[in-house]
Amino acid sequence: MRPHRLLLVSVYTCLSYSSSLLIATALSFSFNFSSSDDLCDTELRCEHDARMVSGAIELTKNELKANFFSVGRASYARRVPLWNNATGEVASFSSNFTFRIRPKNETDENLRLCSLSHVTRDGAGDGMAFFLAHFPSRLPPNSVGENLALFNDSNRFNAAGDDRTVAVEFDAYPNSWDHSDNHVGIDVNSIDSRAYTNVTKRLVSDDAVMTAEISYDNRTGVLIARLRIDGDKPYMVNASVDMKANLPHEVAIGFAASTGICSELHQVMSWLFSSTLDDATVATSSTSPRRRLVRVLSAFRSSSFSCVALRHRCHPSPSATHMGEAEFERGVGPRRYRYRELVVATKDFAEEGKLGRGGFGNVDRGSLSDQDRPVAIKMLSAESSAQGRKEFESEVKIISRLRHRNLVHLLGWSDSRKGLLLVYELVPEGSLDRHIYNTDRLLTWSERYRIILGLGSAVRYLHTEWDQCVLHGDIKPSNILLDSSRSTKLADFGLARLVEHGAGPRTTHVVMGTAGYIDPEFVRTRRPITESDVYSFGIVVLEWIWNLYEKGAIVEAVDERLKGDKQLDDCKWQLHRALVVGLWCTHPRPGVRPSVVQLMNVLQSEDVTLPTLSRPGPSDISPGSHAYNASSSVNVCSDDVSWATTGR
């Protein structure tokens, strides 16, 4: 069949499909809170301080003196099906709303105290969120302040059972686990956002009305949040979320907000929600014209997307290269640069712009006209081996599709006869190994622990939270970059591999990695597994401290220079857990090592029980492998693996 005839058939099919969808049922509703009707206890469930006022739902108290430690929720009064308990089908949904976070009068005594005692820039805090949780919504006790009316102090890092919550937070206060006082984050059973993006314009404003667009695609399992402020380009953050694993099949949806000693007012002006799963409690015959219109628009949007996808399938993009699927060519994400653009950006790869050397190539500092920040350009020479070409393709294909706050961001690439180049965001503080040897600026314990948690968060995302399992394959200090706040950015995906979740390990012909960080069991079996990344994570955290562990003196392993750190006395539980996790991760037998989810639970909560470890014996160490042994002179660590416990 000729292409144009096939296209006509495709269009006819799509239009027919669109018509059929117009009568399909799906849950949709919309609210404009400018009406005088009080929807609390009818269409909405309003909890604690949440209430209807003229033109908005206010989630926290409006009176200045009562606004401190205020908390409230407003949720849809009916059950919302999230996944079908019989068929397992998961809903796709979208939630669009307009809202405002307003500051309070800073002349109040409490606000002066807030401004003096805390690091928020304008005496405002804490924030609000859109959430999905157990139905009916029940506000957790003691969920004020940093808990955003989503969690409380006992479950905010590992909510389980009926406390499970998935949320998009709009956070205006920097707590210890936050990276800024102005960000949008995706929370999955934890107040520590799985993914986030910083917002340039202040979320707290007297006049700025913001628009949020939150969507979930059941085909990809990706939750996306977009925020628009005053016509700016949207801020966007996304994360893979398994709704069936993290939430019950019917949920409450709505908004939550809280304040602490810092104060702000949270207002929602309008809300539109649509889902592909029908609400069985809403009869089709009684559906209002407003809801029917939303259904029509939602169905038409879905069918239009299908038609566009089919059109592209019939006529593939001519820009596709020999690099296979090349997802990075599809109009979003990293862009393709011409070689001469990168030559100009680096001043012909001048020596003074050299940042270092990565696998199979140099890394140069550059400045590009389409980027408002410096970039790092990694070059693989044209004469590089076939392995270099393979690493280039692997790195582009994998990292261009990953989005996480603790992964370095790929901006572009160039594939020319003169060389293969990758363009990354420039992470200003450089790699961790440089800080290990820096005697001028000592990493404090809180910085070290945040780096450990950031690295664990990145590995957790790669292993469990993306569409496929990503094995990094080269976790080491020189591939761990630090941004201006000394937060972790894991880099260099040249040795990464994609594996389907639940698939068994495959044998590789070539074992590649870095001596001292590569899993001895991987060397022996030639089968890369998630436990190999966990092993490298453990090596990064510690040196040989079995003797100290067995004596119960593990805290003595701390860097001597840190013993004057005033934070250390308050954080000894963190130090103890970091070192135990390091030992646990580097056990010679992969089956004994924790998963990345287990190790993060141990690191993030003082309440999680620590494992009892036994020193590995000769039977634990495979013949021919360089597994650790306290009495052995074989040291598989290079000198910089002990950065968390020593200062070398």
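Could you give the length gained by full extension between LEU613 and ARG417, i.e. 0.36 nm per residue of separation minus their alpha carbon distance, to one decimal place?
Extra length from LEU613 to ARG417 when fully extended: 65.2 nm.
Ranking HIS183, HIS501 by Cβ neighbours within 10 Å, fewest first, what do you get?
Exposure proxy ranking, most exposed first: HIS501, HIS183.
For segment 192-232, what relative contact order do you get, as a whole percent, if you take Cα pairs closer than 8 Å and at least 6 residues apart?
Computed value for segment 192-232: 35 percent relative contact order.
Return the inverse of the average 1/r over all pairs of distinct C-alpha atoms in segment 27-277, which is the Kirkwood hydrodynamic radius, in Å to one decimal.
Mean inverse Cα-Cα distance, inverted, gives 17.9 Å.
Between SER367 and GLU351, what is the spin-label point distance in nm, taking each point 7 Å from the Cα along the Cα→C-beta axis?
My value for the distance between the label points is 2.2 nm.
For ARG202 and GLN468 in the same chain, what is the full-extension length gain: residue separation times 0.36 nm, less their Cα-Cα distance, in nm?
Additional length available on full extension: 92.2 nm.
Starting from the Cα of LYS572, step 7 Å along the direction of its Cβ; do the same at VAL209; then give the gap between the two resulting points in nm.
So the label points at LYS572 and VAL209 sit 5.6 nm apart.
Which pairs break 29 Å Cα to Cα here: LYS397/LYS476; LYS201/LYS572; LYS244/LYS378; LYS201/LYS354; LYS201/LYS347; LYS233/LYS354?
Over 29 Å apart, Cα to Cα: LYS201/LYS572; LYS244/LYS378; LYS201/LYS354; LYS201/LYS347; LYS233/LYS354.
Mind ordering 343-351, 126-134, 595-603 by average Cβ neighbours within 10 Å, highest first?
126-134, 595-603, 343-351
Counting other C-beta atoms within 10 Å, which of ASP492, ASP163 has the fewest, and how do the rest follow?
Ascending number of Cβ neighbours within 10 Å: ASP163, ASP492.
Every number here is computed from the coordinates shown, using simple stated rules; none is lab data. In this text, all values refer to a predicted model and were calculated from it rather than measured experimentally. Ideal geometry is used to build each Cβ from the backbone, glycine not excepted, and the neighbour counts take in all protein chains shown.
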